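K.L.:
The structure's right below; bear with me while I get my questions together.
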Amino acid sequence: MSTTTRGETVTSAIPAVDTAGVSALLERGRALAAPVLRDAVGRLAPPMDAVAAYHFGWIDAEGRPAHGDSGKAVRPALALLSAEAAGAAPQAGVPGAVAVELVHNFSLLHDDLMDGDEQRRGRETVWKLHGPAQAILVGDALFALANELLLELGTVEAGRATRRLTTATRKLIDGQAQDISYEHRERVTVAECLEMEGNKTGALLACAASIGAVLGGADDKTADVLEAYGHHLGLAFQAVDDLLGIWGDPASTGKQTWSDLRQRKKSLPVVAALAAGGPASERLAGILAADAKLTDAQLADFDEEEFASRAALIEEAGGREWTSREARRQYATAIEALNGVDMPAQVRAQLVALADFVVVRKR
Ligand SMILES: CC(C)=CCC/C(C)=C/CC/C(C)=C/COP(=O)(O)OP(=O)(O)O
């Protein structure tokens with residue numbers, strides 16, 4: 001056991017992952033979602049259908065069929081398990097799985113444009129290859145498709161699912177707005193950072209973890225418990241994302257090196273390091289204050305060593321360790337939330353396995 005800077009006791013054990021079991025869960029989500037996702041994308045007018053197909057890795061930059069990385073598909077896997085947690089067949093969760101994945105990809109398309117990121121899933125981002133207008137339009141279209149797919153089911157459950165997805169999307173947008181505004185704030189508190197991450201990442205994972213149950217006929221109380229699991233899992237997911245954004249291997253993450261530092265992100269490791277106090281924390285604060293006076297182009301011109309030295313200071317001030325502990329604390333809270341729903345033991349074990357994967361992932 002160990003203690004966080006907030007004084008709570010958390011398990012410090014790094015979970016062992018059932019890699020084969022998790023791969024099978026992710027693959028099942030991908031396989032059941034794929035036909036519905038392809039059909040949805042096929043509804044888009046050219047050239048948006050092809051731009052979306054490129055984003056999902058189904059075609060390459062020249063328009064040839066491809067099997068590119070279309071993402072880990074954590075959210076579809078969650079949506080199917082959520083249907084099973086409510087006693088329904090996994091298939092009941094498929095429209096929810098696809099809808100959440102569409103909203104997720106809408107957010108990635110817009111996020112890459114806003115951040116000026118040139119690499120996603122190991123290839124050129126849509127805005128870089130096809131221009132900002134296509135990134136905006138295809139993102140908007142994926143969002144519309146998500147709602148269209150759910151609403152055309154025409155059931156009461158689909159109406160409830162759409163309501164939850166719309167609220168999650170609004171929170172995701174709130175979180176993105178907070179994230180961007182924090183880039184230009186000298187100080188962001190740990191609480192503000194966690195609230196922002198709960199919005200930008202927690203809300204959609206919470207929705208993924210409950211939407212299958214809603215579509216499978218679960219009551220709101222059951223859905224709310226599953227949502228709590230997904231929310232904390234989302235916070236663990238984002239904490240790991242923040243670690244990967246600084247110390248991840250670009251060959252695994254599929255993103256540029258030091259992407260978060262290049263964009264002045266007040267991610268958890270940075271915020272925790274600044275809050276820690278002490279010589280490394282103060283040196284970091286001084287450097288970031290000087291960075292704030294530079295233009296984005298000047299910052300982008302920095303060589304690797306400049307970012308490496310910032311990363312080293314964040315680590316020395318304790319930001320890396322604090323964030324890993326926070327990921328494990330949120331993981332433990334997510335698992336505990338599962339006690340609030342009576343579900344088949346195997347489904348519970350699979351929800352735990354997915355959470356294990358989230359905290360140890362390298363991409
Ligand atoms: C409105 C707007 C622009 C919002 C942006 C919100 C945003 C991008 C939040 C970050 C969420 C996140 C951790 C994405 C990576 O997911 P992942 O690792 O599951 O990605 P994958 O599908 O590639 O595996």
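Values quoted throughout were computed directly from the atomic coordinates according to the rules given, and no laboratory measurement underlies them. Being a predicted model, the structure only gives us computed values, none of them experimental. FYI the Cβ positions are ideal-geometry reconstructions off the backbone, even for glycines, and counts take in every protein chain you see.
K.L.:
Please compute, over every Cα-Cα pair in region 225-264, the percentage with a separation greater than 14 angstrom. Intermediate values should be presented prior to the final figure.
P.N.:
Values: 408 of 780 pairs.
Tail of the P(r) past 14 Å holds 52 percent of the pairs.
K.L.:
Something else: Would you calculate, for the chain, the mean residue ellipticity at 222 nm contributed by helices, counting each DSSP H stretch of 4 or more residues as -39,500 (n - 2.57) and dividing by all residues, to the nearest 500?
P.N.:
-22500 deg cm²/dmol
K.L.:
Oh, and also: In Å and whole numbers, how far do the C-alpha atoms of region 263-357 stretch along each principal axis, longest first?
P.N.:
Projected onto its principal axes, the Cα set of region 263-357 covers 55, 29, 19 Å.
K.L.:
To the nearest whole percent, what portion of all C-alpha pairs in region 322-363 is separated by more than 13 angstrom?
P.N.:
Above the 13 Å cut-off, region 322-363 has 56 percent of its Cα pairs.
K.L.:
Checking the table LYS128/LYS200; LYS200/LYS221; LYS128/LYS265; LYS72/LYS171; LYS221/LYS255; LYS72/LYS128 against a 29 Å threshold on Cα-Cα, which pairs fail?
P.N.:
Cα-Cα > 29 Å for LYS221/LYS255; rest within.
K.L.:
Could you derive backbone 3J(HN,Hα) for region 118-123 from the dihedral phi with the Karplus parameters 6.51, -1.76 and 1.60 (θ = phi - 60°), listing whole Hz in sequence and x where the residue is Gly or Pro?
P.N.:
These are the phi-based 3J(HN,Hα) values: 9, 10, 8, 6, x, 9 Hz.
K.L.:
Roughly what would the spin-label model give for ALA34 and ASP296, points 7 Å off Cα along C-beta, in nm?
P.N.:
It is 3.7 nm.
K.L.:
Under Stokes-Einstein, with the Kirkwood radius over Cα pairs standing in for Rh, what whole-number D in µm²/s applies to region 32-169 at 4 °C and 1.567 mPa s?
P.N.:
Once the numbers are plugged in, D ends up at 85 µm²/s.
K.L.:
If you don't mind, another one. Based on Cβ point charges of +1 for Lys and Arg and -1 for Asp and Glu, what charge dipole magnitude is obtained for the chain about its Cα centre, in debye rounded to the nearest 20?
P.N.:
Taking the Cα centre of the chain as origin, the dipole is about 480 debye.
K.L.:
Give me Rg over Rh for the chain, both radii from the alpha carbons and Rh done the Kirkwood way, two decimal places.
P.N.:
Rg/Rh for the chain comes to 0.96.
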